[in-house]
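Below is one structure, written out as C-alpha cells; comments come after it.
What follows draws every value from the coordinates through simple rules; no lab data is involved. This structure is a prediction, so every number in the text was calculated from the model and none was measured. Ideal geometry is used to build each Cβ from the backbone, glycine not excepted, and the neighbour counts take in all protein chains shown.
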Amino acid sequence: MPDQISFRELLQDPLFKEWTKKPPKLKPLWYKSMPWYVYVRREGRWARKEFDTYPKAFNWLVSRLKAGQVEDAAIHCKRQWFSPPLVKVGGKRTYWPMPPGHRWCGLCRRPTVYNTFTKHHAMPAYIAPYELRCTICGGRQTLAPREYPSVLRSRFR
Ligand SMILES: [Zn+2]
C-alpha cells in the first residue's frame, strides 16, 4: 500500500484547494444535525471533532494546520457523498485526477488509501478484516459508487 498523501500536500494543488475552500451544498434536513467531522492525525493517532457547519469545520482545521499540529486530515461529511472536483480540458469536463494508489472517498471529500483493517479508529465494533476500508473514516470501498476517470495525470507521484 502506498503512503497516503497528506491533506497539507493535497492543498498544494490549486484546484483541490479552491474546491475544498468552497462550502459544499448539503441536501436540507428538517431536523438539526452535526453533518461534519474533522478527522485529524496527530502523533500517528486519528481523532475527530463534530461541527454543524462547513465553514466552522474548515476554519478550525486551517488554524491547526497553520500551527503545524496536524499530520493528516479530512473534512468528512456524515450524510452525503461528493464526487471529485471537475476540471475543464479542451471544452470538456473531466474529473480531477487521483494520485497513484489512491481512491476517492466522497465522504472524506479527498483521495485516500483503502486498506484492510482488524481494528479501525473510526469503528469501535468488530470489522471484517477482508473488507477494504477508507484509512480515515472506515467507509467501505464497495460504498464508493464508481471510479472517477480522468484524462489528466495527477501532479502527485
Ligand atoms: Zn473516508
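Would you be able to say whether some residue in segment 47-67 is within 16 Å of the ligand (Cβ to nearest atom) and among the small types (Gly, Ala, Ser)? Scanning segment 47-67 turns up at least one residue that is within 16 Å of the ligand (Cβ to nearest atom) and among the small types (Gly, Ala, Ser).
Of everything in segment 128-147 that is more than 10 Å from the ligand (Cβ to nearest atom) and hydrophobic (A, V, I, L, M, F, W, C), the residue that is surrounded by the most Cβ atoms within 10 Å (Cβ to Cβ) is 132. Tell me, which strands (runs of 3 or more DSSP E) wholly within segment 1-77 include 2 or more residues that are within 26 Å of residue 154 (Cα to Cα), of a type in the set (A, V, I, L, M, F, W, C) and in contact (Cβ under 8 Å) with a residue 60 or more places away in the chain? Per the criteria, 72-77. Just so you know, in segment 109-127 the residues that are among the aliphatic types (A, V, I, L, M) and crowded, with 16+ Cβ neighbours inside 10 Å include one that is nearest to the chain's Cα centre (by Cα), and it is 113. For residue 115, the criteria (1) in contact (Cβ under 8 Å) with a residue 60 or more places away in the chain; (2) within 13 Å of the ligand (Cβ to nearest atom); (3) in contact with a Phe, Trp or Tyr (Cβ under 8 Å, 6 or more places away or on another chain) hold in every case but one, which is (3).
Results for (1) surrounded by 12 or more Cβ atoms within 10 Å (Cβ to Cβ); (2) touching a Cys at 6+ places or on another chain (Cβ under 6 Å), shown as yes or no for each residue.
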position	(1), (2)
18	no, no
38	yes, no
50	yes, no
68	no, no
105	yes, yes
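Scanning segment 87-112 for residues that are at positive phi and away from the ligand (no atom under 11 Å from the Cβ) yields a count of 3.
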